[in-house]
Amino acid sequence: MPTASTDTDALRVLVVDDSAPLRERVCLALSQAGLTVVGEAVDGAHALVQVEAQRPDVILMDLCMPGMDGVQATRTLLRRHPDTRVVLWSGETDAHLASAVYDSGAHAGLAKGIQTTELIATLRRVFETRSRTEKDTAAAT
């Protein structure tokens, strides 16, 4: 069974979006940047299955999808896998995205129009925050 990464260079990412062309472009960009794309999902329910199978470090989760949306999926994922990090992304307004991040418990939110470099930097930052927290917890015990 795959395990979570301990190094940001080996960051394992699951990309969740109902747009196949967008998923393809994002997966290619992440791979070219040295991140490991462990899977893709078309909606929240499919993401739940992929997380169980692939154990990603960070999930790039679309906010608006048919069926189980990003907020519902993130809430469920974080209950089952509290150590997994979720970055919501959306074409919605900043206020709507910020509310969704707060309501879901996601670790960050991004607009879909951002530059690839900002997307990658955010995924790394969100993962690094988890890594520092785990190290602090281990040192305290």
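Rule-based calculations on the coordinates, nothing more; no lab input. All figures in this text were calculated on a predicted structure; none of them were measured in a lab. Cβ sites come from the backbone with ideal geometry, for glycine too, and all protein chains shown count toward neighbours.
How charged is the neighbourhood of Glu24? Take every other residue with its Cβ under 11 Å from the Cβ of Glu24, and add Lys/Arg as +1 and Asp/Glu as -1. Each step should come with its number before you reach the end.
Values: positive: Arg23, Arg25; negative: Asp17, Glu40.
Charge balance near Glu24 sits at 0.
Each Lys or Arg adds one and each Asp or Glu takes one away; over the other residues whose Cβ falls under 15 Å from the Cβ of Ala53, this sums to 0. Between the beta carbons of Gln115 and Arg75, assuming R0 = 35 Å, the FRET efficiency works out to 0.75 to the nearest 0.05.
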